Amino acid sequence: MPFRFVHTADIHLDSPLRSLALRSPDLAELVGDASRQAFISIVDLCLTERVDALVIAGDLYDGDQTSMKTARFLASQMTRLHQAGIKVFKIRGNHDALSRISKQLVFPDTVTIFGGRPQSVLQTAGGIDVAFHGLSFASPKAPESLLPKYPAAREGAVNVGIMHTSLAGSPGHDVYAPCNVADLHSHGFGYWALGHIHVRSVHPGASTVVMPGIPQGRDINEAGEKSVTLVTIRDDRTIEIEERPTSIAQFERVDVDLDGTVEWPDVVGRVRSALEDLRTSVRTRHAVVRLTLTGASPLSWALIRDRDLLLAEAEQVAEQVGDTWMEKLELTLATPSLETPDGIADPIFELAQSMRADAGSQAFRAEARALVQKVVADLPPDGRDFAGKDEAGLDLFLDKVLASGADLVTARLKSGGSQ
Ligand SMILES: [Mn+2]
């Protein structure tokens, strides 16, 4: 009988909605509840696969906004595992360190929450001894490697280390207990159950080192199918891993090229076939789409002007395709030249030129910058990144907004009354 466990991390329960673009209340509800649904599907997987343990390598919670509702939810899920005889081994990550409720929750005695001192728990199943070694760091910041604190491998057992770490660094993730994969391999453990980085990675070698990634994406920057790792330790002590899908809603970018489209229904038809293709390739129940229209079409100006109608049509198509949602519509269309063929000055062309020139002027930019900064300051901290994370980001945002504003005014003038 093999020993089996499920390894997950970074569930981030109660993570606030990070996209301001989720304008449909149904979609906001779907995405808002998805992390919780993914956790239920992880527990379901544990029960159907009759595993011996569930390992949670940190960041079960997102921060200090963890609610009583979540506390009750977790207690009921832990009870399901407890009743099935499945042990839970959990460490805290940098986000859990901020959570007040996580310190007060009382779980069944089959749940081990590792504390600030390294601890080892031996579990025997199917004649195989497995030693789980874990350590939680109490602060949200851990600048040094935690690896030296882990005990040496226990002889006669298969050793599993549970650690929250940024490894050698990963874009978009805070440095946390950094360490090298090579050092993990040489520590003598059979398996390293890691957490923190939201993108899955597997590092085979002397031991099996797995970063499972987030089990449910929270916004378009966490696109693609998400999963957990099902680990099987065979009688001969070899370790096998399988990736198992867990996400309920999958974010996906879809680009649609409009080259060659002439009439509005052509555009809608292209969108429809792109969403149908997506639906056949995505296994996750719900697909949440950021749609980007590219290419050149004589309809460009009309599409820019009537973007709201286009979005409404895309939403309708998505609904017809089924379990498909529009997160956002982006237009990066090549706009046809405004110059008249015979070289006679077109007043709209001249106006567009002068708007572009004004948009580049210092005074205009300074005014626009001040306006954007005022909006940013009025938003809660989680919503402030839309205009870039720093000065350079803000400049890029201004470039984009000013250019698309000029295009929108031009589009309204250019195609006024034609649709
Ligand atoms: Mn983390």
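Note on Lys149: lysines with a C-alpha under 26 Å away, same-chain residues under 8 apart excluded, are Lys87, Lys90, Lys103, Lys141.
Residues considered: Glu49, Glu240, Glu350. Largest GNM mean-square fluctuation over the chain, using C-alpha springs under 10 Å, is found at Glu350.
Considering the options Ser354, Val43, Pro148, tell which one lies farthest towards the positive end of the dipole of the chain, charges being +1 on Lys and Arg and -1 on Asp and Glu at the Cβ, about the Cα centre. The residue sitting farthest along the positive end of the dipole is Pro148. Note on surface exposure: His95, His286 rank His95, His286 by accessible area, highest first, 1.4 Å probe.
Within the listed set Pro381, Pro16, Pro108, the residue fluctuating most in the Gaussian network model of the chain (springs between alpha-carbon atoms under 10 angstrom) is Pro381.
For Val106 and Gln373, what is the calculated FRET efficiency with R₀ set at 56 Å and r taken between the beta-carbons, to the nearest 0.05? Calculated value: 0.75. Rounded to the nearest 10 square angstrom, Trp264 shows an accessible area of 40 square angstrom against a 1.4 Å probe.
Of the beta bridges in the stretch 95-219, as assigned by DSSP with both residues counted there, near 45 percent are antiparallel. How many times 2.2 N^0.38 Å is the alpha carbon radius of gyration of the stretch 355-397? Taking the Cα Rg and dividing by 2.2 N^0.38 Å, one obtains 1.22.
Across the chain, C-alpha contacts under 8 Å between residues 6 or more apart give a mean separation that, scaled by the residue count, equals a relative contact order of 13 percent.
Within the full protein context, the accessible area of Arg244 is estimated at about 60 Å² for a probe radius of 1.4 Å.
Surface composition of the chain: carbon and sulfur atoms hold 53% of the protein heavy-atom accessible area at a 1.4 Å probe. The residues of the stretch 234-356 have, on average, 52 Å² of accessible surface per residue, using a 1.4 Å probe with all protein chains present. The label point for Gln316 and the one for Phe386, both projected 7 Å from the Cα toward the Cβ, are 2.6 nm apart. Projected onto planes of every orientation and averaged, the convex hull of the alpha-carbon atoms in the chain covers 24.0 nm². For the stretch 246-367, the square roots of the Cα gyration tensor eigenvalues, ordered a ≥ b ≥ c, give a/c of at least 1.5 with a/b greater than b/c, which places it in the prolate category.
In a fully extended conformation the segment linking Ser76 and Asp174 would gain 32.1 nm over its present Cα-Cα distance, using 0.36 nm per residue. GNM on the chain, alpha-carbon springs under 10 angstrom: the most fluctuating residue among Ile42, Ile220, Ile348 is Ile348.
Dipole size of the chain about its Cα centre, with +1 on Lys/Arg Cβ and -1 on Asp/Glu Cβ: approximately 1640 debye, rounded to the nearest 20. The trypsin sites (Lys or Arg not before Pro) of the stretch 196-248 that DSSP puts in a loop, and whose beta carbon has at most 16 other beta carbons within 10 Å, are Arg234, Arg237. Ligands, DNA and RNA are left out, and with a 1.4 angstrom probe the accessible area of the stretch 184-228 is 28 Å² per residue.
If I take R0 = 22 Å and measure r between the Cβ atoms of Lys69 and Asp26 in this structure, what FRET efficiency does the formula 1/(1 + (r/R0)^6) give, to the nearest 0.05? Calculated value: 0.65.
Inter-part distance, the stretch 190-214 to the stretch 253-286, computed on C-alpha centroids, equals 35 Å. Between the Cα long axis of helix 391-414 and the first principal axis of the chain there is an angle of about 40°, rounded to the nearest 10.
For a distance above 23 Å, tell me the whole-number percent of Cα pairs in the stretch 128-240 that qualify. Before the final figure, lay out the partial values.
On the way: 1896 of 6328 pairs.
In whole percent, the share of Cα-Cα pairs in the stretch 128-240 beyond 23 Å is 30.
Across the protein chains, with a 1.4 Å probe defining accessible surface, the residues Met78, Met1 rank Met1, Met78 from largest area downward. Residues within the reach of a label modelled at Ser186 (point 7 angstrom out along Cα to beta-carbon, backbone nitrogen below 20 Å), restricted to the stretch 133-156, are 144-154. The C-alpha atoms of the chain define a longest principal axis, and helix 307-321 lies at about 40 degrees to it.
The C-alpha atoms of the chain define a longest principal axis, and helix 362-378 lies at about 40 degrees to it. Kirkwood radius for the stretch 3-245, taken over all pairs of different Cα atoms as the inverse mean of 1/r, rounds to 18.0 Å. Taking 7 Å steps out from each Cα toward its Cβ at Ser361 and Ala403 produces label points 2.1 nm apart. DSSP finds beta bridges in the chain, and of those with both partners inside it, around 35 percent are antiparallel. Dipole orientation for the stretch 263-327: of the candidates Thr284, Pro298, Gln320, Thr284 has the Cα lying most toward the positive pole (charges on Cβ; Lys, Arg +1; Asp, Glu -1).
The values are calculated or read from the model by the stated rules, or taken from the named source; none is laboratory data. Not measured: the values here are computed from a predicted model. As a convention, Cβ positions derive from the backbone with ideal geometry for all residues, glycine included, and neighbour counts pool all protein chains shown. Remember, those area values only see protein heavy atoms, side chains included, never the ligands or the DNA or RNA. Shrake-Rupley method; radii C 1.70, N 1.55, O 1.52, S 1.80 Å.
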